[in-house]
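> Quick one: this structure, given as structure tokens, is what I'll be asking you about.
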Amino acid sequence: MRALAASYPDSRSAVLPALRLAQERHQGWLPPEAFREVGEALELTPAYCKSVASFYDMLHLQPVGRRLVEVCTNICCGLRGAQEVLRAFEDELGVAPGETTDDGEFTLRAVECIGGCGWPTVVAIDDRHRLNVGADEVAGIVAELRRG
Amino acid sequence: MAELIVLAGAQDRDLTQLAEYRAVGGYVQLERARALAPTSVIEELNTANLRGRGGAFFPTGKKMQFIPSREQIDKPHYVCVNADESEPGTFKDREIMQRVPHRLLEGCLIAAHAIDAQHVFIYIRGEYLAEFELLKTALDDAREAGLLGETVIVLHRGAGAYICGEESGLLESLEGKRGQPRSRPPFPASSGLYASPTLINNVETIATIPKVLELGGAEYARLGAPPDSTGTRLFCVSGNVVKGGNYELPMGITIREVIYDLAGGIPEGRELKAVIPGGSSMPILSADQIDVPLEHDALRALDTFLGAAAVIVIDDRACMVQLGLRVAQFYMHESCGKCTPCREGTRWLVQLLEAIEAGQATHSQLELLLDVCDRILGKCLCPLGDAAAMPVASYVVKFREEFRAHVDQGRCPFGGASSLEGLFAPVDQHGQHPVLAEGVPA
């Protein structure tokens, strides 16, 4: 984290990269000790680090599954059937948006536009984007993810 | 096919490779620019009348001229590249970073020379992981080849906040804070990143600079729809079209040409209903207005904007109340909460639109909806509030009969058959849905 800070004229600028790193080290979310670690490295208070983290959608304040499945449900994907894609993931995974499967394997989220509007529906799996996803492909995607 | 500028050469070469980019004249303009006085570089951009591609359309050369000299302010100067592309409908900067990362880097280095900066920050949205990795590889290659000289380029990933695409929100975020926009003045040119002179430009703007120098400002200024809308844009075409995607074309092409000649028309034999010309924050156009050229002045005459050149095509299956609701939900979710009209107003918009969609609103609440839009417009520190109010107000004005039908029939006239029916908004999942206990004001 201190190495990250060296890229910037002011070490506080490293708070987002440091929080991301902490999140990677804590199974994809930011427990209280993560804020202590980031705060210690960058000479910030844990409360400050948490206040920053709470502003950003990609920093998670609650535990998440091992795999993160995010479906864009903004207007461009919505005009082309994103709600059916989301529903298909709900059916396949057995959880509602915002929930994690009982085995802790998958968290399903609906997310705002992730920048693939010309190729609907866009689905991000662990931040890797899949474009032009149709509802009929969802079962195959989930099976593929379950195989690891 | 018209001449490509930003994506030139990428149609038949892999320009992510440094050697390939150099084979098409890459980094030659950087070398030329470094031999020129910064003022000469800026003069060329002014002659080209290059304007900001992020949406505000501000003249790029003029923005550079606002940066005070070292004699005036003895602080480091910074270049910040806004790669936080987050406006729904927009996905052009992503393609630029994917296909011509070195052209972006060359533009960064030229811009740094033009304002005497040694530090460049590229703020890339967190969701663009693949693009970040591509850009990082390109940057490492350029550094290894000695192209950076004394300049430092830092890639900084965002973490999911639309508002960080607003320039002062971006600066706050880059300083390690919540991305809440600043009050201006002071403007970033004199007091931006770390209270130092800062130039902030969109990815597409910066990636256009090398080609402007290659062609010469005067030649570039002949492209597109001069005098104001010179050059090309990457038009992001999405929604109900056969072939969505980015199309780099000279400004001045009509919406009709974009939809029917390039994007293959409307699929499934549906009728065109409306088009949003610049991204979700822009006022909508009705189907009878699509002969308008996509350039600044012509769209202004129709009370809308080219914005980030995101053309969202909507067919006759879409309920305009549902569209307005989903747009309002987005901006409510993304409001940073700093200014009251935006924080509270976006919630009011959502509540009123929910009531209208549910068939539980009165005609006076349609007027209230417009009144709320009016009370947001121009009353906040940054344009996010406007970004919610402008489109929603335009949907009511352009499709008033459809809004009235919801009230008169006491239900959505689409009866569940709208293409946007049941579209889920992420605000729902945080339990923050803003229905007040006392219900919607009458």
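> Using r as the Cβ-Cβ distance of B:SER69 and B:VAL28, and R0 as 41 Å, what FRET efficiency do you calculate, to the nearest 0.05? Don't skip to the answer; put the middle values down first.
On the way: r = 28 Å, r/R0 = 0.68.
E between B:SER69 and B:VAL28, to the nearest 0.05, is 0.90.
> Please work out how much length the chain gains when fully extended from B:ALA19 to B:GLN360, using 0.36 nm per residue of separation minus the C-alpha to C-alpha distance, in nm with one decimal.
116.4 nm
> Let me ask something else about it. Mean separation of Cα pairs under 8 Å and 6+ residues apart, divided by the residue count of the stretch B:12-74: what relative contact order is that in percent?
On the way: 30 pairs, mean separation 11.5, N = 63.
This gives 18 percent for the stretch B:12-74.
> Explain nothing, just compute: Karplus ³J(HN,Hα) = 6.51 cos²θ - 1.76 cosθ + 1.60, θ = phi - 60°, for every residue of the stretch A:127-142 in order, whole Hz, x for Gly and Pro.
These are the phi-based 3J(HN,Hα) values: 6, 9, 8, 10, 9, 6, 7, x, 4, 6, 9, 5, 4, x, 5, 5 Hz.
> I need the Debye-formula profile for the stretch B:130-213: one equal scatterer per C-alpha, no solvent, reported as log10 I(q)/I(0) at q = 0.13, 0.20, 0.22 1/Å, two decimals.
The Debye formula, applied to the Cα set alone, gives -0.53, -1.12, -1.22.
> Treating only the Cβ of Lys, Arg, Asp and Glu as charged (+1, +1, -1, -1), what charge dipole size does chain A show about its Cα centre? Round to the nearest 20 debye. Mind dumping the intermediate values first?
On the way: 15 positive and 22 negative charges, 82 e Å.
Using Cβ point charges on Lys, Arg, Asp and Glu, chain A gives about 400 debye.
> Separate question: Determine, from the Cβ-Cβ distance of A:GLN62 and B:THR137 and an R0 of 25 Å, the FRET efficiency 1/(1 + (r/R0)^6), rounded to the nearest 0.05.
0.15
> Can you list the residues in the stretch A:89-126 whose accessible area drops by at least 30 Å² when all protein chains are present, compared with the chain alone? Use a 1.4 Å probe, heavy atoms only.
When all protein chains are present, A:PRO97, A:ALA110, A:GLU112, A:CYS113, A:ILE114, A:GLY115, A:CYS117, A:GLY118, A:TRP119 each give up 30 Å² or more of accessible surface.
> If I stretch the segment between A:ASP126 and A:ALA139 completely, what's the gain in nm (0.36 nm per residue apart, minus their alpha carbon distance), one decimal?
Working: separation 13, 0.36 × 13 = 4.68 nm, distance 1.75 nm.
Here the answer is 2.9 nm.
> Name the residue farthest towards the positive end of the dipole of the stretch B:1-52 from the options B:VAL24, B:ALA10, B:ASN49, assuming +1 on Cβ of Lys and Arg, -1 on Cβ of Asp and Glu, about the Cα centre.
Looking along the dipole axis, the top candidate is B:ASN49.
> What is the packing order of peptides A:94-105, B:34-45, B:324-335, taking the mean over residues of other C-beta atoms within 10 Å and listing the highest first?
On the way: A:94-105: 14.6, B:34-45: 17.1, B:324-335: 25.1.
Top of the packing list down: B:324-335, B:34-45, A:94-105.
> Using the Cα centre of the protein assembly as shown as origin and beta-carbon charges of +1 (Lys, Arg) and -1 (Asp, Glu), tell me which of B:CYS80, B:TYR123, B:THR90 is placed farthest towards the positive end of the dipole.
Checking the options against the dipole of the protein assembly as shown, the answer is B:CYS80.
> Which distance in nm do the two modelled labels at B:ALA195 and B:LYS243 give, with both placed 7 Å along the Cα-to-Cβ direction?
Result for the modelled spin labels: 5.4 nm.
> Something else about it: Keeping all protein chains in place, calculate the accessible area per residue for the stretch B:3-42 (probe 1.4 angstrom), answer in Å². Kindly include the intermediate steps, with their values, before the conclusion.
Details: 1990 Å² over 40 residues.
Solvent-accessible surface per residue comes out at 50 Å².
> Further, regarding this structure: Using a 10 Å cut-off around each Cβ of peptide A:68-77, what is the average number of partner chain Cβ atoms that fall inside? Can you show the working numbers first?
Details: counts 0, 0, 2, 2, 3, 9, 10, 17, 16, 4.
Across A:68-77, the average partner-chain Cβ count within 10 Å equals 6.
> Now, a different point. Along the charge dipole of the stretch B:215-342, which of B:ALA221, B:GLY245, B:VAL327 sits closest to the positive end, that is, farthest toward it, with unit charges on the beta carbon of Lys, Arg, Asp and Glu (+1, +1, -1, -1)?
B:VAL327
> Over both sides of the B-A contact, add up the buried accessible area with a 1.4 Å probe and give it to the nearest 100 Å². Can you show the working numbers first?
Working: alone 17470 and 8600 Å², together 21660 Å².
The summed interface area works out to 4400 Å².
> Using +1 on the beta carbon of Lys and Arg, -1 on that of Asp and Glu, and nothing else charged, what's the dipole of the protein assembly as shown about the Cα centre, debye to 20? Present the calculation step by step, with values, prior to reporting the outcome.
Details: 56 positive and 79 negative charges, 202 e Å.
The calculated dipole for the protein assembly as shown is roughly 980 debye.
> I'd like the FRET efficiency for A:ALA3 and B:ASP116, computed as 1/(1 + (r/R0)^6) with the beta carbon distance as r and R0 of 35 Å, rounded to 0.05. Show your work: numbers first, answer last.
On the way: r = 29 Å, r/R0 = 0.82.
So the FRET efficiency works out to roughly 0.75.
> Just in the stretch B:150-211: which GluC sites (Glu not before Pro) are loop by DSSP and have at most 11 other Cβ atoms within 10 Å? Walk me through the numbers before you get to the answer.
Working: sites: B:GLU150, B:GLU166, B:GLU167, B:GLU172, B:GLU175, B:GLU204; in loops: B:GLU150, B:GLU166, B:GLU175.
Those that pass, being in a loop and sparsely packed, are B:GLU150.
> Could I ask something else about it? List the residues whose amide H sits under 5 Å from the amide H of B:ALA310, counting only those 5 or more places along or on another chain, with H placed 1.01 Å from N in the peptide plane.
B:CYS236, B:GLY278, B:GLY279
> Which value, in debye to the nearest 20, describes the size of the charge dipole of the stretch B:13-68 about its Cα centre when Lys and Arg Cβ atoms bear +1, Asp and Glu Cβ atoms bear -1, and nothing else is charged? Don't skip to the end; give the middle numbers.
On the way: 8 positive and 5 negative charges, 36 e Å.
With Lys and Arg at +1 and Asp and Glu at -1, about 180 debye.
> Which residues of the stretch B:243-268 end up with at least 20 Å² less accessible area in the presence of all protein chains than when their chain stands alone, using a 1.4 Å probe?
B:GLY244
> Right, next: Report, as an integer, the average count of C-beta atoms from other chains found within 10 Å of each Cβ along A:5-18. Could you put the intermediate results ahead of the total?
On the way: counts 1, 0, 5, 9, 9, 5, 1, 4, 10, 2, 5, 12, 5, 1.
Mean partner shielding for this stretch: 5.
> To continue, here is another question. Hey, any idea what % of the stretch A:1-76's accessible area is carbon plus sulfur with a 1.4 Å probe?
Numbers: 1690 of 3380 Å².
Result for the stretch A:1-76: 50 percent of the exposed heavy-atom area is carbon or sulfur.
> In whole Hz, with x marking every Gly and Pro, tabulate ³J(HN,Hα) for the stretch B:402-407 from phi via Karplus 6.51 cos²θ - 1.76 cosθ + 1.60, θ = phi - 60°.
5, 5, 5, 4, 4, 6
> Let me ask something additional. For the stretch B:310-329, state which residues have at least 50 Å² less accessible area in the presence of all protein chains than in their chain by itself, taking the probe as 1.4 Å and leaving out ligands, DNA and RNA.
B:ARG326
> What is the list of residues in the stretch A:111-148 whose amide nitrogen lies under 17 Å from a point 7 angstrom out from the Cα of A:GLU105, following Cα to Cβ?
Under 17 Å, as judged by backbone N against the label point of A:GLU105, lie A:125-126, A:138-148 of the stretch A:111-148.
> Now for a separate question. Which value, in Å², gives the accessible area per residue of the stretch B:281-414 when a 1.4 Å probe is used on the protein heavy atoms? Don't skip to the end; give the middle numbers.
Working: 4510 Å² over 134 residues.
Per residue, the stretch B:281-414 has 34 Å² of solvent-accessible surface.
> Please compute the average number of Cβ atoms from other chains found within 10 Å of each residue's Cβ in peptide B:120-132. Before the final figure, lay out the partial values.
Numbers: counts 0, 3, 0, 1, 0, 3, 8, 14, 4, 5, 3, 2, 1.
Partner-chain Cβ atoms within 10 Å, mean over residues of B:120-132: 3.
> Return the distance in nm (one decimal) between the two label points of a simple spin-label model at B:ARG256 and B:LYS62, each offset 7 Å from Cα along Cα→Cβ.
The two pseudo-label positions are separated by 3.3 nm.
> Taking 7 Å along the Cα-to-C-beta vector as the label spot, tell me the B:ASP316-B:ASP291 distance in nanometres, rounded to one decimal.
2.1
> So, one more: Counting other Cβ atoms within 10 Å, which trypsin sites (Lys or Arg not before Pro) in the stretch B:203-264 have at most 16 and lie in a DSSP loop? Intermediate values should be presented prior to the final figure.
Values: sites: B:LYS211, B:ARG222, B:ARG233, B:LYS243, B:ARG256; in loops: B:ARG222, B:LYS243.
Sparse-neighbourhood loop trypsin sites (Lys or Arg not before Pro): B:ARG222, B:LYS243.
> Moving on. Pop out the carbon and sulfur fraction of the accessible area of the stretch B:158-208 as a percent, whole number, probe 1.4 Å. Please report the intermediate quantities before stating the final value.
Working: 630 of 1130 Å².
The C+S portion of the solvent-accessible surface of the stretch B:158-208 is 56 percent.
> What residues have an amide H closer than 5 Å to that of A:ARG67, excluding those fewer than 5 places away on the same chain, when H is modeled at 1.01 Å from N in the peptide plane?
HN-HN under 5 Å from A:ARG67: A:PHE106, A:THR107.
The values are calculated or read from the model by the stated rules, or taken from the named source; none is laboratory data. All figures in this text were calculated on a predicted structure; none of them were measured in a lab. Note: ideal-geometry Cβ built from the backbone for every residue, glycine included; neighbour counts use all protein chains shown. Accessible surface is based on the protein model in full, side chains and every heavy atom, while ligands, DNA and RNA are left aside. Shrake-Rupley method; radii C 1.70, N 1.55, O 1.52, S 1.80 Å.
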